[in-house]
1. Among the residues of region 259-292, which ones are farther than 25 Å from residue 358 by Cβ and either surrounded by 12 or more Cβ atoms within 10 Å (Cβ to Cβ) or at pLDDT below 80 (or both)?
2. Specify which of the listed residues (167, 160, 136) is under 30 Å from residue 489 (Cα atoms) and surrounded by fewer than 15 Cβ atoms within 10 Å (Cβ to Cβ).
3. Just one of 221, 204 is surrounded by fewer than 19 Cβ atoms within 10 Å (Cβ to Cβ) and either under 18 Å from the mean Cα position of the chain (by Cα) or on the phi > 0 side of the Ramachandran plot (or both); which is it?
4. Confirm whether residue 256 is at pLDDT 85 or above, assigned to a helix (DSSP H, G or I) and surrounded by fewer than 14 Cβ atoms within 10 Å (Cβ to Cβ).
5. Tell me, yes or no, whether region 88-107 has at least one residue that is surrounded by fewer than 17 Cβ atoms within 10 Å (Cβ to Cβ), part of a loop (DSSP other than H, G, I, E, B) and at negative phi.
6. Which one of these does residue 470 not meet: (1) at pLDDT 90 or above; (2) part of a helix (DSSP H, G or I)?
7. With the condition kept exactly as written, say whether any residue in region 418-436 is surrounded by 11 or more Cβ atoms within 10 Å (Cβ to Cβ), within 30 Å of residue 468 (Cβ to Cβ) and either under 37 Å from the mean Cα position of the chain (by Cα) or at pLDDT 75 or above (or both).
8. Return the residue satisfying two criteria in turn: it lies in region 359-416 and is in a loop (DSSP other than H, G, I, E, B) and modelled with pLDDT of 70 or more, and of such residues it is surrounded by the fewest Cβ atoms within 10 Å (Cβ to Cβ).
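The values are calculated or read from the model by the stated rules, or taken from the named source; none is laboratory data. Worth saying up front: this structure is predicted, and the values here are computed from it rather than measured. In this analysis, Cβ positions are derived from the backbone assuming ideal geometry, glycine residues included, and neighbour counts consider all displayed protein chains.
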């Protein structure tokens, strides 16, 4: 009870209101309400933070509004989306007390199980109905998702839609090559590699545009500290002079090194498992001719399919524990290093079987069989053909997509139905036997027994949402990146790989929406300016595809329309030196192509870039005009300087920003490439209460005597 009262006290201290109800499962549901003045305070505080760190480029009117006294400030919240409101409240609840938060976080408090927002059923129904009736999702639909779920979830759906559209090219070309071309087409392989390079570089441009339109540019450079971060000492920040928790980078590197053997051991164990299952499957399919072969040949695949979800869950748990042990300070760095570990296990699980078939079984299988037969082992002579590689890839693509759809959509629905049915049967049996009637009445009394039936129904709905798993967008990213790897790495084997991915992704876009609406908790809105480390993994897979495509073309190119090359033919023509030469040449072509495409695209400004530059120029020109007036220059002189001497004006603006930074000011009118992480301490200290900030009129600040008003701007934020 003391812990419960402590949570309520913390909520009250930051201005939040609450109402609690028993859940009937030995837990208490606490519903948090944020009054409008508190939410507005947090919105302004967040806006100042974004302005100072370069996330938001506030114009003069917005800056003046932020600096007005509380009684004269616009108190409306029309510009806040639902996702912004939930995010601000969540940050207020989980934020550190030193930064104005309540300090309530599940990992820090053993009595707090979880924090979650509630689903909006009407929005979910409208969302699914709208998307299910459209072939392509437009930008207005993504804006609605962003306003409801935040940028992190919306970036995933935007990426998935963009990837789906780009898949049209390898899909159409693959159909043509499959039915009218030759196996292992050099032309198709080159086109897929070029497509992958252009797709990744164009997506990077699209990321920047979305970040600017959504107002989250550079947001990952100014993240707050993770509540789960544990400092081993308290130091004085050399920039801001405030006390903060510190964890030695040397100690973190020592923990990384200590975790390497665990990662290597896990990767080795997973590789051995996949290799063993592959060997058993090959043996039963090709060499075994005994009893029940028709059934036994499918046993390894079924066992592997059933075991892989548990193996992946184990690997993900190991990766999470190691990343927790490394103790990262922000969510961005934590996610980056977690994804690196998860990606290693994902690659081994997804691609190792196909790679073993291509580079071990087909080239060296005949030699191994001949050696075994020399020792008198009863192995039959079987033709090993490259067509086996196509069959294996086709089986993987189809089975993986079917299993993924079933596990994400059908299985959660069936399991909840079965659990509800089992609970209903248990209650009916208890009523018949009259053994647990008193207990059921006590449970009903505890579960909102004093409330109306409508409230009790609402509480049951809330409890059902609490029982759902947490949505992890990285799992969906991993699935899409894995699929991209199959298209870029192996579609030269089976050109219809792109078609399978194209069809799957249309369904995936809607099934993932249904998963969020019905099978997981509502995601806590989070801001980001990209898809995170997954863009790096897309580039890694594209680089690897330049190696696999070249090597496979060297090994298997030459099949005729009448007869494929056998494994013995592949083995006889195998020359390690020539294959390495092809691989190195292909890699260098890829690197040159990527550099060329990136240079060309970066030299072409997007409309979002031009819009940002125009706004930044207008803001600087406005501030310079007012500051020039403060030191005695006329408006005509300032306007003439701005109109006729563009270079001088730009230089003056740069000098003004430099002077402001050198004098300790925190104003950042633009991105300007400055690393804002060193400003985090001073920004986080701007935790003003209502009515304590912006009490000095803007004119008094800007008309002060000084070095072009740099000290005046600084004093606006330090006057308390």
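1. Step one: filter region 259-292 for residues farther than 25 Å from residue 358 by Cβ, giving 259-263, 265, 289-292.
Within region 259-292, 259, 262, 263, 289, 290, 291, 292 meet the criteria.
2. Values: 167 fails: surrounded by fewer than 15 Cβ atoms within 10 Å (Cβ to Cβ); 160 fails: surrounded by fewer than 15 Cβ atoms within 10 Å (Cβ to Cβ).
Answer to the selection: 136.
3. 204
4. Criteria not met by residue 256.
5. Yes, because at least one residue in region 88-107 is surrounded by fewer than 17 Cβ atoms within 10 Å (Cβ to Cβ), part of a loop (DSSP other than H, G, I, E, B) and at negative phi.
6. That leaves (2) as the condition not met.
7. yes
8. As a first pass, look at region 359-416 and keep what is in a loop (DSSP other than H, G, I, E, B): 375-386.
Keeping just the survivors that are modelled with pLDDT of 70 or more gives 385-386.
Numbers: 385: 19, 386: 24.
Filtering first and then ranking leaves 385.
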